[in-house]
Amino acid sequence: MAITLGFIGLGAMGTPMTARLLAAGHPVVAYDTNEAVLAAAAAQGATGAGGAKDVADQAEIIFCSLPNPQISRDVALGPDGIMQGAKARIVVDISTTGPAMAGTIAKGLAERNIAWVDAPVSGGIKGAVNGTLAVIVSCRKETYDEVLPFLQVFGKSFYCGDKAGSAQVAKLGNNMIAAAVILLSAEALAMGVKAGLDPAVMCEIINASTGRNSATQDKFPRAVLPGTFDFGFKTSLSYKDVKMCVDEAEALGVPMVGGGMVRQFLAATQAKYGPNSDFTSMVKIIEDWAGVEIRSKT
């Protein structure tokens, strides 16, 4: 008999990941506070639930994709949360919660004999749709072996050990770099535009050279050069991740001067363009300062 899976949080990442589980033939019980996205998941074959506890009453392994650490804690440990359910035995959190909150939730669930799996992902909406995400995992090895077949539906898994929060550290470092290269690439491309270069050509040069990075390879061509600024990751989420990264580095005694700069730049972007703006909106500030627009001439 197939194991019934749960999925809580059908946002930009959770929706395509749920769809991939359903397409792979896994029965899924889903929940989201947004009734429209829940109805859409039900139309694809998921069983709709009335809350986190309801999911945990029906599913053995539950995936969570939630926007911030406090919501992750409430969903897992709250009075109507997963830990109150009758059937759940493993929770796989693909959210970025930070290592401290991961440890708190893991400890709380362990009191109900529910295993916690840190599994933050990287690769964006495109990766979630195509099943090409990097899934960064920390949990007990036997638990990892059990959930690995499901994680492989999403992409390639990387096991970081059995300490709760280890995967979160790796994810935070990655997300800080992802935001940093947007800022640095924007400065270089603004310089090029002001000197008369086509930024599309400059991106091609960078991508064939030692400066190539995820911003010039993907984010600029998709969301900056056409002026859409719609890559698919909110400024508020990027700011949250980078802030947690810098805070964790400070707690470990690791200087993070560059990360601190990126954190402040995201704070400025959020203040100017709003928390729901796309994090590529960082580029607009550089454009304003330089007096240019980084747009393709072709």
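A compact table of results
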{"read-out": "The chain - percent relative contact order, Cα under 8 Å, separation 6 or more", "value": "13"}
{"read-out": "Label-point gap, in nm, between residue 34 and residue 177 - each point 7 angstrom along Cα→Cβ", "value": "3.0"}
{"read-out": "The stretch 168-290: relative contact order as a whole-number percent, Cα under 8 Å and 6+ apart", "value": "35"}
{"read-out": "Fewest-first ranking of 142, 293, using other Cβ atoms within 10 Å as the exposure measure", "value": "142, 293"}
{"read-out": "³J(HN,Hα) computed for each position of the stretch 34-48 - Karplus, 6.51 cos²θ - 1.76 cosθ + 1.60, integer Hz, glycine/proline x", "value": "8, 5, 5, 6, 5, 5, 5, 5, 5, 5, 8, x, 6, 9, x"}
{"read-out": "With Cα atoms, 0 to 90° folded angle of helix 14-23 axis to the chain main axis", "value": "60"}
{"read-out": "Karplus (6.51, -1.76, 1.60) ³J(HN,Hα), θ = phi - 60°, over the stretch 142-158, in Hz, Gly and Pro reported as x", "value": "5, 5, 4, 4, 6, 8, 3, x, 6, 5, 5, 5, 8, x, 9, 9, 10"}
{"read-out": "From phi via Karplus (6.51, -1.76, 1.60), per-residue ³J(HN,Hα) for the stretch 167-179 in Hz, x at Gly/Pro", "value": "5, 5, 4, 4, 5, 4, x, 4, 5, 5, 5, 4, 6"}
{"read-out": "Distance (nanometres) between label positions extended 7 Å along Cα→Cβ at residue 141 and residue 187", "value": "4.4"}
{"read-out": "Under 5 Å, built H, 5+ apart or other chain: amide partners of residue 47", "value": "28, 29, 30"}
{"read-out": "Listed candidates (1) 40, 27, 14; (2) 28, 23, 18; (3) 36, 20, 17 - label of the one calculated as semi-axes √(5λ) of the Cα gyration tensor in Å", "value": "(3)"}
{"read-out": "Ranked list, fewest to most other Cβ atoms within 10 Å of each Cβ, for 80, 54, 241", "value": "80, 54, 241"}
{"read-out": "By average C-beta atoms within 10 angstrom, highest first, the peptides 13-19, 284-290", "value": "13-19, 284-290"}
{"read-out": "Given 156/234; 53/126; 53/219; 141/219; 87/240; 240/297, the pairs whose alpha carbons are separated by over 28 Å", "value": "53/126; 53/219; 141/219; 87/240; 240/297"}
{"read-out": "Inter-label distance for residue 87 and residue 296, nm, one decimal - labels placed 7 Å from Cα along Cα-to-Cβ", "value": "4.8"}
{"read-out": "Efficiency of FRET from Cβ geometry, residue 158 and residue 252, R₀ 25 Å, rounded to 0.05", "value": "0.75"}
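Quick note: the coordinates plus some simple rules give every number you see, no bench work behind them. This is a predicted model, so every value here is computed, not measured. Note: ideal-geometry Cβ built from the backbone for every residue, glycine included; neighbour counts use all protein chains shown.
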